[in-house]
Every structure is written in structure tokens, then in C-alpha cells.
Amino acid sequence: MAAGLTRPVRSPGGFRLCTAADAARVERTRRGLDEGLSAAEAARAAHAAFGLEPVLLKQVGDGWERGEIDISHEHFASNLVRGRLLALARFWGRGTGPLALLACAPGETHDIPPLAFALVLRSHSWRILFLGADTPIETLARTAGTTKPALAVVSSFDPTSLEAGADELRRLAEHTPLALAGPGATDELCARIRVHRLDGDPVAAADEVARA
């Protein structure tokens with residue numbers, strides 16, 4: 001097992017004790033090894049998820065769910081955060097696990113929450129294909145037709161961008177498992193085009209997908 005994967009504490013008698021988080025890291029690393037990752041890649045994926053979860057859940061995650069990420073805050077932090085997330089995203093297309101195809105809706109530039117979602121999903125041994133910000137639905141559909149993902153996810157803060165592409169999204173959902181995410185993914189829209197809505201912050205959403 002990769003060095004530094006667990007962070008044991010000492011009991012009063014001097015015994016090394018592993019926490020529940022340690023056990024979960026080891027389990028996620030084991031799943032990565034089973035999916036064909038090297039020990040270093042599997043450990044990196046496990047550390048990425050657990051290292052990011054507290055920050056994402058309270059800051060990026062909560063802001064995404066409520067639609068409260070202020071433009072000035074994003075401009076200040078986005079490049080730093082995006083760079084860190086992308087550094088953790090190396091090799092996330094490797095392995096033999098199910099493939100997730102992720103994209104931001106047309107006109108949507110908030111790509112940090114779906115990046116965070118992707119990293120946590122990767123820690124569950126999923127493979128990731130990330131198309132990024134402002135992705136035309138036509139491009140998403142064409143890519144889905146080629147790669148046959150187990151799940152495609154489109155995220156947006158603005159419901160109008162998803163509403164504008166509702167017909168294309170409905171057609172995409174006829175042959176590709178599709179979910180919408182972010183504040184723009186309203187219950188009404190998802191019900192109308194018959195796709196799943198990913199609730200909550202990126203971490204909870206990724207865990208929901210992995211359990212399903």
C-alpha cells in the first residue's frame with residue numbers, strides 16, 4: 001500500500017489505531033487497484049477525494065447548490081482552485097470502471113463544481129471524460145454516441161441554458177443515461193424531459209451516483 005495512505009493515531013497503550021476515514025481511503029485505493037490503476041494512481045485518487053471533501057462541501061459545494069457563488073469570489077479563486085483540481089485529475093480516464101461524461105451546459109462557464117464532482121466520482125473508480133465549460137449539446141450527444149458512457153451529466157447555474165436545450169437533452173436521454181446538476185437543473189425541467197436530477201453538493205452527488 002502506498003506510503004502515507006493512512007493516518008493512524010496512538011491509543012493510550014501505544015497501539016496504532018486507524019480511523020474510519022483511513023479504512024475508507026484503503027477501500028477506495030483497493031477499488032482503484034482492482035480497476036487497473038497503479039498503486040500511486042489509486043492512492044492519489046483516494047487522497048484527492050478525502051482531501052477535497054471538507055472544503056468542497058462547505059465552500060464550492062454549498063455555493064453551487066444554492067447558486068450563491070459570487071462573480072468576484074469566483075474570479076479571485078477560480079484559477080487557483082481549477083489548477084489544483086486539474087492537477088488531481090491526471091489519469092482519470094484510466095482503468096476499467098464505468099465511464100462518466102461530464103459537461104457544462106451551453107453558455108455555462110462555472111466548471112469548478114463539476115470538476116469537483118468528477119474527482120470524487122473518480123475516487124469511486126469511475127473513469128472520467130470531461131468536456132468542460134460551454135459545451136454545445138450537439139457535441140455532448142456526438143461524444144456520447146462514440147464513447148457510450150454509463151452516465152452523462154450536464155451542469156448549469158442558469159435554468160435558461162438548460163431550457164433552451166431541453167429538446168436536445170430529451171433526445172440524448174433516449175439513448176444515454178443522463179442527469180442534470182446545479183441550481184439550473186430544476187425539478188420541473190428534469191421531470192419534463194425525464195432525466196435524473198443530482199441533488200446537493202458535488203460530493204454528495206458523486207456518492208449518490210457511485211451507490212446507484
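The values are calculated or read from the model by the stated rules, or taken from the named source; none is laboratory data. Predicted model only: the values in this text are computed from it and were never measured. Here Cβ is always computed from backbone atoms with ideal geometry, including for glycine, and neighbour counts include all displayed protein chains.
Taking the stated definitions as given, is G184 closer than 25 Å to S125 by Cβ, of a type in the set (G, A, S) and part of a loop (DSSP other than H, G, I, E, B)?
So G184 does not fit the description; no.
For region 149-171, what are the residues that are closer than 20 Å to L99 by Cα and crowded, with 16+ Cβ neighbours inside 10 Å?
P149, L151, A152, V153, V154, S155, L169
Mind counting the residues in region 119-130 that are touching a residue at least 60 places away in the same chain (Cβ under 8 Å) and within 9 Å of the chain's Cα centre (by Cα)?
Number of matching residues: 4.
Out of the residues in region 89-111 meeting the condition of being buried (at least 22 other Cβ atoms within 10 Å of the Cβ), under 12 Å from the mean Cα position of the chain (by Cα) and among the aliphatic types (A, V, I, L, M), tell me which one is farthest from T135 (Cα to Cα).
A100
Which count do you get for residues in region 171-195 that are within 15 Å of R142 (Cα to Cα), within 22 Å of the chain's Cα centre (by Cα) and of a type in the set (D, E, K, R)? Working first, answer last.
Here is the first cut: in region 171-195, the residues within 15 Å of R142 (Cα to Cα) are 171-178.
Adding the requirement that they be within 22 Å of the chain's Cα centre (by Cα) leaves 172-173, 175-178.
The next check asks that each one be of a type in the set (D, E, K, R); those that pass are none.
Total satisfying the criteria: 0.
Considering only region 178-188, state which residues are buried (at least 18 other Cβ atoms within 10 Å of the Cβ) and free of Cβ contacts under 8 Å to residues at least 40 places away in the same chain. Let's see the steps before the verdict.
Going residue by residue through region 178-188, those that are buried (at least 18 other Cβ atoms within 10 Å of the Cβ) are 178-185.
Passing the criteria: L178, A179, L180, A185.
For A191, are the conditions met, namely being touching a Lys or Arg at 6+ places or on another chain (Cβ under 9 Å) and surrounded by fewer than 22 Cβ atoms within 10 Å (Cβ to Cβ)? Give the derivation first.
Details: touching a Lys or Arg at 6+ places or on another chain (Cβ under 9 Å): yes; surrounded by fewer than 22 Cβ atoms within 10 Å (Cβ to Cβ): yes.
So A191 passes the test.
Among the residues of region 128-148, what is the count of those that are under 12 Å from P98 (Cα atoms) and buried (at least 22 other Cβ atoms within 10 Å of the Cβ)? Give the steps one after another, and end with the answer.
Taking region 128-148 and keeping what is under 12 Å from P98 (Cα atoms), we get 128-129, 147-148.
Retained after the next criterion (residues that are buried (at least 22 other Cβ atoms within 10 Å of the Cβ)): 128.
Number of matching residues: 1.
Report yes if L80 is at pLDDT 70 or above and not in a loop (DSSP other than H, G, I, E, B), otherwise no.
Numbers: at pLDDT 70 or above: no; not in a loop (DSSP other than H, G, I, E, B): yes.
Considered against the rule, which asks whether it is at pLDDT 70 or above and not in a loop (DSSP other than H, G, I, E, B), L80 comes out as no.
Do the conditions hold for R90, that is, is it modelled with pLDDT of 90 or more and basic (K, R)?
Working: modelled with pLDDT of 90 or more: no; basic (K, R): yes.
Against the criterion (modelled with pLDDT of 90 or more and basic (K, R)), R90 does not qualify.
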